[in-house]
There are 2 protein chains.
Amino acid sequence: MTSLDERFSQLATDHAPGQEVRQTCSDLASLAIGSALPGRAVDFSHGDVDAFTPAPGAFDDFVNGVQMGGKRAYTEYRGDASIRLQLAARLASFIGAPVTGDDDMIITPGSQGALFLALAATVGAGDKVAIVQPDYFANRKLVQFLDAQVVPVRLDYLHGDPAAGLDLPALEHAFRTGVKVFVFSNPNNPTGVVYSQAEIARIGELAQRYGVTVIVDQLYARLCYSGTTYTHLRAVARADHPIITLMGPSKTESLSGYRLGVALAPPAIITRMEQLQAIVSLRAAGYCQSVLQGWFAEPEGWMAQRIALHQAIRDRLYRQFSDAGIKTRLPQAGSYLFLTLPPLRVAPVDFVRLLRYQAQVIVTPGSEFSPHAGDSVRLNFSQDHDAAQNAASRLIAMIARYRQ
Amino acid sequence: MTSLDERFSQLATDHAPGQEVRQTCSDLASLAIGSALPGRAVDFSHGDVDAFTPAPGAFDDFVNGVQMGGKRAYTEYRGDASIRLQLAARLASFIGAPVTGDDDMIITPGSQGALFLALAATVGAGDKVAIVQPDYFANRKLVQFLDAQVVPVRLDYLHGDPAAGLDLPALEHAFRTGVKVFVFSNPNNPTGVVYSQAEIARIGELAQRYGVTVIVDQLYARLCYSGTTYTHLRAVARADHPIITLMGPSKTESLSGYRLGVALAPPAIITRMEQLQAIVSLRAAGYCQSVLQGWFAEPEGWMAQRIALHQAIRDRLYRQFSDAGIKTRLPQAGSYLFLTLPPLRVAPVDFVRLLRYQAQVIVTPGSEFSPHAGDSVRLNFSQDHDAAQNAASRLIAMIARYRQ
């Protein structure tokens, strides 16, 4: 059993996206080379909801929720029944598998809340949990917090094309040797790669064969670029297999400020997640739940335009970095770009701090996503197009300046 | 180590307030005596935010948050720095002890969120945690979920007057025999009693002597009735002692629909709570955090009037139940009334269901709050005055009907 002190020491958030404001800069002057690079500050640690504003109608839906008063303030812990019903049809059509919204869905405070509930409902102390490297940092941290055992499986995203690049033999070995739960994001965060149909089919097949529960975080599944085929695990797996699908309107739809997430799973798992939500946060903010009424019901063409605008930024940044000889893979979905830095004269973590200090550019260190990605950085390119382009140029200039 | 199945079996929410809608009624017809009692439905399981509307300005503060856009959507995990600073002065003045708002405060999704983080940050598997019986049901459930050991201490609230009635020798015995954390609500939920100055001083003294961390849930501390003296543990304890004070604007201020809570604690504990929040829910909904700007800054006289209106309902219901010979204690604060039912011809849990089925009155079974309170029910009397009075009459009639 791991002590509480040890478990918390693994949860450090010093380099987590959004926490940069808590870092000190007093030692940076001695490391810095050259002078400041002027330009509009860009925070690539998360999307800019001022550049990509919330879906139309979201605020009106919220106001309607407030006007409903007590009925909307105090929903069932799993979320308002009428909203769940409304979402069920839309999610079933998106995913291509049945969803009732009654006993197979829970509304959570953000998809982060859904991820926590999903893992805490299925993982006990000492259990083996397979995670992907690199993947969303909270996957690893949650497994460690639950005092379970992390079994890493590599994603060779740089060379996986046309697949995502998951090491499927290693996954099978992990499953065969006692893994109970497998958690992964698709599209992958931080790389933006999408698992191929063959990979998803194989994951479903192995999970079935070895009785492994699978949690798939599909937060960016709506933001797929042209030429990308997205396969929903829920649609290819057997209906009775324990698959937990996490979705949420935070990212693509710029609704992060309302903190909403949704999980789909077999009834027994949803019941546990609700029992846990009842003591962890009660429910997603009642009034905010109303905002889900407009989700997957945006005006004709709105989502297509949002994708096109992101694709244009993706293409621009990808070309800039490729031209500068910086290794990355073209993201197939989502708004993350994961760069491999060349060898530098300072530690990558210090480079990230210098980047903020000298060039007003915030990125997230790759070490958050994998112990093998210490030389990488993640950029969320859901930003103002020109500002992102200029910030990318400053990042390239900083790399040139600090290159060994 | 307790298995995951066992831990979840302890988390049942079937009788939790607000979950009544998930119960089936098919077996009730065979138990029912007499016909339906007509009247306006009253849900005493929580306050009626339509009867007591949110504090003025709350909605405008929310709208301002939305207009701030990204800056407010993505706050530090511990909450927006400017809001914490603003709250610090107000909370310091309310509590009578210093609060900086920088490293000693975290904003959470509801005070439920704060309670979870406080316990999870201080309690490890196997640790002994003292809880009060009766007290808020999530205290017990959280300790069990964390695989820690519950050490119950009785509150003889019916006979404690003028104190709350905590068994202080039993508390000392618990502390002396290895309790690491003590968690309790003050005002007590479900009874509405307030711990006396002597009780709080003694709790502080014992905690100091035995090195026990204390979590005090002060959710209803603003709603104190005339003649009640409220003592803040944080104000009487030594500044360096690990006291976690939980507050929130959900209840008295009718802001539950925004899901906001606040915890005050020494920096090392706040850091842990933030690390955990980062993987559990990230942060309180950013736009909702703006609503805290009006907290403790309501218009002159607003809170006094709210207290007076609640006191009038309390007095009315207390008289009704006393006149009918139903045992209870006059609540000193908050909006809960805890009734002892006389021996009935049906199990108390079935009586609660019959009450809903026949009389349109929802109450919460006492068994949620203590294994020794199976014959009690909790009423949240923050309701429309007349509706509450009529519902109380129906409850009294139902007790008469089912009395042995």
Cα centroid distance between region A:232-248 and region A:1-67, in Å? 31 Å
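What is the ratio of the Cα radius of gyration of region A:74-294 to 2.2 N^0.38 Å, where N is its residue count, to two decimals?
On the way: Rg = 16.3 Å, N = 221, 2.2 N^0.38 = 17.1 Å.
So the Cα radius of gyration is 0.95 times the expected 2.2 N^0.38 Å.
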Tell me, how many Å apart are the Cα centres for region B:342-404 and for region A:120-154? 45 Å
Taking a threshold of 32 Å on the Cα-Cα distance, which of the pairs A:K71/A:K128; A:K251/B:K180; A:K71/A:K251; A:K180/A:K327; A:K71/B:K128; A:K71/B:K180 fall above it? A:K71/A:K128; A:K251/B:K180; A:K180/A:K327; A:K71/B:K128; A:K71/B:K180
For chain A, set up a Gaussian network in which alpha carbons nearer than 10 Å are linked by springs, and say which option among A:N186, A:N390, A:N139 fluctuates the most. A:N390
Once you wrap a convex hull around the alpha carbon atoms of region B:24-176, what is its projected area averaged over all directions, in nm²? 16.3 nm²
Please identify which residues in region B:57-94 have an amide N closer than 20 Å to a label point set 7 Å out from the Cα of A:V63, following the Cα→Cβ vector. B:57-70, B:73
How big is region A:272-404 on each of its three principal axes, counting only the C-alpha atoms and giving the largest first in Å? 53, 39, 25
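Averaged over B:42-50, how many beta carbons belonging to a partner chain fall within 10 Å of each residue's beta carbon?
Numbers: counts 0, 2, 0, 1, 3, 3, 4, 7, 5.
What the average comes to for B:42-50 is 3.
Please calculate how many Å² of accessible area region B:73-148 carries per residue, with a 1.4 Å probe and no DNA, RNA or ligand atoms counted. Before the final figure, lay out the partial values.
Numbers: 1670 Å² over 76 residues.
Per-residue value: 22 Å².
Tell me the mean residue ellipticity at 222 nm calculated for chain A from its helices only (DSSP H runs of n ≥ 4, each -39500 (n - 2.57), averaged over every residue, nearest 500).
On the way: 14 runs with 155 residues, N = 404.
The helix-only estimate for chain A comes to -11500 deg cm²/dmol at 222 nm.
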For A:T177, inter-copy label-point distances (7 Å, Cα→Cβ), nm, shortest first, read 4.5
Let me know the charge dipole size of region A:74-294 about its Cα centre in debye, to the nearest 20, where only the beta-carbon of Lys, Arg (+1) and Asp, Glu (-1) is charged. 140 debye
Say R0 is 25 Å: what FRET efficiency, to the nearest 0.05, do A:K71 and B:A324 get from their beta-carbon distance? 0.20
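In a shell of Cβ-Cβ distance under 14 Å around A:G124, excluding A:G124 itself, what net charge do Lys and Arg (+1) and Asp and Glu (-1) give? Walk me through the intermediate numbers first.
On the way: positive: A:K128, A:K180, A:R272, B:R7; negative: A:D127, A:D147, B:D5, B:E6, B:D147.
My count for the surroundings of A:G124 gives -1.
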Residue among A:V349, A:V63, A:V212 with the largest mean-square fluctuation in a Gaussian network model of chain A, springs linking Cα atoms under 10 Å: A:V63
Every other copy gets compared here: list the nm distances from the B:D103 label point (7 Å along Cα to Cβ) to its counterparts, shortest first, one decimal. 5.1
First measure r as the distance between the Cβ atoms of A:S35 and B:D240, then evaluate 1/(1 + (r/R0)^6) with R0 = 56 Å and state the FRET efficiency to the nearest 0.05. 0.80
Prolate/oblate/rounded call for the protein assembly as shown, Cα gyration tensor, a/c under 1.5 rounded: prolate
Under a Gaussian network model of chain B whose springs join Cα atoms within less than 10 Å, the largest fluctuation of B:G69, B:G113, B:G47 belongs to B:G69
Charge tally in the Cβ shell below 9 Å around B:T252, where Lys, Arg are +1 and Asp, Glu are -1, B:T252 excluded: +2
Taking a label point 7 Å from Cα toward Cβ, how far is B:A387 from its twins in the other copies, in nm, shortest first? 4.6
Can you pull the three principal axis extents for the Cα set of chain B, in Å, largest first? 60, 52, 45
Mean separation of Cα contacts under 8 Å, 6 or more apart, over the residue count of chain A: relative contact order %: 26 percent
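If you take the accessible area of B alone, add that of A alone, and subtract the area of the pair, what total do you get in Å², probe 1.4 Å, to the nearest 100? All intermediate terms of the calculation are to be shown ahead of the outcome.
On the way: alone 16420 and 16440 Å², together 27190 Å².
That pair hides around 5700 Å² of surface in total.
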Within region A:130-145, backbone nitrogen closer than 19 Å to the virtual label 7 Å beyond the Cα of A:H372 toward Cβ: A:130-141
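The values are calculated or read from the model by the stated rules, or taken from the named source; none is laboratory data. Here the structure is a predicted model, which means the values were calculated and not measured. When we count neighbours, we look across all protein chains shown, and the Cβ atoms used for this are built from the backbone with ideal geometry, even at glycine. Ligands, DNA and RNA are excluded from the accessible area calculation, which covers all protein heavy atoms including side chains. Shrake-Rupley method; radii C 1.70, N 1.55, O 1.52, S 1.80 Å.
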